[in-house]
1. Modelled label-to-label distance, PHE13 and ILE29, 7 Å Cα→beta-carbon offset: nm?
2. Accessible area of the chain with a 1.4 Å probe: how many percent of it is carbon plus sulfur?
3. State whether region 8-146 is rounded, prolate or oblate according to the following rule on the C-alpha gyration tensor (a ≥ b ≥ c being the square roots of its eigenvalues): a/c under 1.5 gives rounded; otherwise a/b larger than b/c gives prolate, and the remaining case gives oblate.
4. What net charge is computed for the residues neighbouring TYR102, neighbours being all others with C-beta under 10 Å from the C-beta of TYR102, Lys and Arg scored +1, Asp and Glu -1?
5. Mind listing which chymotrypsin sites (Phe, Trp or Tyr not before Pro) in region 49-103 are in a DSSP loop and have 10 or fewer other Cβ atoms within 10 Å?
6. Determine, from the Cβ-Cβ distance of ASN139 and TYR88 and an R0 of 35 Å, the FRET efficiency 1/(1 + (r/R0)^6), rounded to the nearest 0.05.
7. Taking trypsin sites (Lys or Arg not before Pro) that fall in a DSSP loop and have at most 16 other Cβ atoms within 10 Å as cut points, what is the longest piece of the chain between them?
8. Accessible area per residue, 1.4 Å probe, Å², for the chain: what's the number?
Amino acid sequence: RTTRRESRDCCVFVFTETWLSDRVPDTAIQLDGLALFRVDRDSALCGKTRGGGLCVYINTEWCKNSVLVSSYCSPLVEFMIVRCRPVYLPREFTAVLIISVYIPPGATTKAALCELYSAISGLQNTHPDGLFIVAGDFNHVTLTSP
């Protein structure tokens, strides 16, 4: 009971390495009261056939207006960006952008972060007053400067 109430009160859930494929329909993973966004690993783009995949759930009580902005898959990094306009949002923010990231263990750190940085900096130009939340599995990558 407590777990159900606590999870119901969450605004966003971010999952990485979902291992989902087109053989798993959205209806099989759809949860009541949550908008589903998923990006399955594209083996042609990533060069890998197993693992990967991203999934984001947005609580529809928190945000009824959410949309998948973009997704990206390469051998170095997988990410997807979901834009939300929650019901209650401080005036200084125009939107919340949730970036779900998976960097595989064997990826070249600097190159993976360059690809991610390029996408995020482009979004910052498009949404200068947006609130950016970056979450996921970075494996061995650290996001601080040396």
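The values are calculated or read from the model by the stated rules, or taken from the named source; none is laboratory data. Computed from a predicted model, the values in this text were never measured in an experiment. All Cβ positions, even for glycine, are placed from backbone atoms using ideal geometry, and neighbour counts span all protein chains on display. Ligands, DNA and RNA are excluded from the accessible area calculation, which covers all protein heavy atoms including side chains. Shrake-Rupley method; radii C 1.70, N 1.55, O 1.52, S 1.80 Å.
1. Simple spin-label model gives 1.1 nm for this pair.
2. Taking all protein chains in place, the chain shows 53 percent carbon and sulfur surface.
3. Oblate shape, in that a/c is at least 1.5 and b/c is the bigger or equal ratio.
4. That works out to -2.
5. Counting only loop positions with at most 10 other Cβ atoms within 10 Å, the chymotrypsin sites (Phe, Trp or Tyr not before Pro) in region 49-103 are TYR88.
6. Step by step, r from the Cβ atoms, then E = 0.50.
7. The segment 92-146 is the longest one with no such site.
8. 61 Å²
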